[in-house]
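Participant: Here it is, the structure in full.
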Amino acid sequence: MSKTEQLESRVGRRLIERQWTVATAESCSGGLIAHRLTNVPGASSYYLGGIVAYSNSVKTAMLGVDPEDLARYGAVSEPVARQMAEGVRQRLAADCALAVTGVAGPSGGTPEKPVGLVFIALAAPGVDRVTRNLFEGSREDIKTQTADHALSMLLEYLA
């Protein structure tokens with residue numbers, strides 16, 4: 001079993017122990033977190049589903065992200081990540097939710113929002129947490145690091 005498989009397995013065990021469910025809202029990771037969660041046998045007992053919200057129109061229509069916040073802060077921002085997590089949590093009636101939005105590259109970065117900038121949000125009872133991360137490497141490396149950090153954030157919360 002690889003290190004990443006162990007991470008999602010540990011997340012799954014903790015969710016089962018609490019009898020909790022999780023949902024995901026992903027932009028820059030393109031569904032990788034959902035993929036990793038569902039690679040664990042028995043994931044259907046705790047993983048409800050996810051929304052890959054790559055476009056801003058999907059972020060607003062499916063996740064309830066405020067269009068004014070998208071215009072003011074941009075899709076890659078703390079407020080948008082927070083709203084994505086809470087939106088998917090509410091819409092799928094999950095106990096907790098993860099959301100990610102960022103610039104996976106290799107293009108699309110700016111001095112203010114460089115390639116590798118990713119916001120990861122966790123919405124759960126008693127927590128509304130967003131981290132700002134700056135990952136390095138290829139597009140695939142950034143997506144992998146994003147999924148690792150998101151799953152680690154959830155595992156830490158469930159500990």
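Any read-out appearing in this document is the output of simple, stated calculations on the displayed coordinates, not a laboratory observation. Remember, predicted model here, so these are calculated numbers, not experimental data. We place every Cβ from the backbone using ideal geometry, glycine too, and count neighbours over all the protein chains shown.
Participant: Inside region 29-41, can you point out the residues that are under 18 Å from A123 (Cβ atoms) and out of contact with any Phe, Trp or Tyr (no Cβ under 7 Å at 6 or more places or on another chain)?
Facilitator: S29, I33, A34
Participant: Against the definition (of a type in the set (V, I, T), within 24 Å of G49 (Cβ to Cβ) and out of contact with any Asp or Glu (no Cβ under 6 Å at 6 or more places or on another chain)), how does V88 come out, yes or no?
Facilitator: yes
A quick yes/no check of all residues on (1) on the phi > 0 side of the Ramachandran plot; (2) small (G, A, S); (3) without any contact (Cβ under 8 Å) to a residue 24 or more places away in the chain; (4) not in a loop (DSSP other than H, G, I, E, B):
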residue: T60; (1), (2), (3), (4): no, no, yes, yes
residue: R72; (1), (2), (3), (4): no, no, yes, yes
residue: V80; (1), (2), (3), (4): no, no, no, yes
residue: R89; (1), (2), (3), (4): no, no, no, yes
residue: G109; (1), (2), (3), (4): no, yes, yes, no
residue: P114; (1), (2), (3), (4): no, no, yes, no
residue: T144; (1), (2), (3), (4): no, no, no, yes
residue: D148; (1), (2), (3), (4): no, no, no, yes
residue: L154; (1), (2), (3), (4): no, no, no, yes
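Matching residues to (1) among the basic types (K, R); (2) more than 26 Å from T60 (Cα to Cα):
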residue: R18; (1), (2): yes, yes
residue: A25; (1), (2): no, no
residue: C28; (1), (2): no, no
residue: A34; (1), (2): no, no
residue: L37; (1), (2): no, no
residue: G42; (1), (2): no, yes
residue: Y47; (1), (2): no, no
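Participant: So which residues in region 120-138 are part of a strand (DSSP E or B) and charged (D, E, K, R), if there are any at all?
Facilitator: Selection gives D128, R129, R132.
Participant: Which one of E26, E8, E78 is in contact with a helix residue (DSSP H, G or I) (Cβ under 7 Å, 6 or more places away or on another chain) and within 15 Å of A123 (Cβ to Cβ)?
Facilitator: E26
Participant: Could you run through region 42-58 and say how many residues are within 30 Å of S9 (Cβ to Cβ), surrounded by fewer than 21 Cβ atoms within 10 Å (Cβ to Cβ) and in contact (Cβ under 8 Å) with a residue 12 or more places away in the chain?
Facilitator: 7
Participant: For region 45-54, check the following and say yes or no: at least one residue is part of a helix (DSSP H, G or I) and farther than 14 Å from A99 by Cβ.
Facilitator: yes
Participant: Taking only region 66-114 into account, find how many residues are of a type in the set (S, T, Y) and closer than 23 Å to H35 by Cβ.
Facilitator: 1
Participant: Let me ask another. Return yes when E86 is surrounded by fewer than 22 Cβ atoms within 10 Å (Cβ to Cβ) and of a type outside the set (K, R) and no when it is not.
Facilitator: yes
Participant: Would you be able to say whether some residue in region 118-135 is over 21 Å from E8 (Cβ atoms) and either touching a His at 6+ places or on another chain (Cβ under 8 Å) or among the hydroxyl-bearing types (S, T, Y) (or both)?
Facilitator: no
Participant: Working carefully through the options V115, V100, V65, V76, find the one that is over 17 Å from the mean Cα position of the chain (by Cα), surrounded by 19 or more Cβ atoms within 10 Å (Cβ to Cβ) and among the aliphatic types (A, V, I, L, M).
Facilitator: V115 is the lone residue from the list that is over 17 Å from the mean Cα position of the chain (by Cα), surrounded by 19 or more Cβ atoms within 10 Å (Cβ to Cβ) and among the aliphatic types (A, V, I, L, M).
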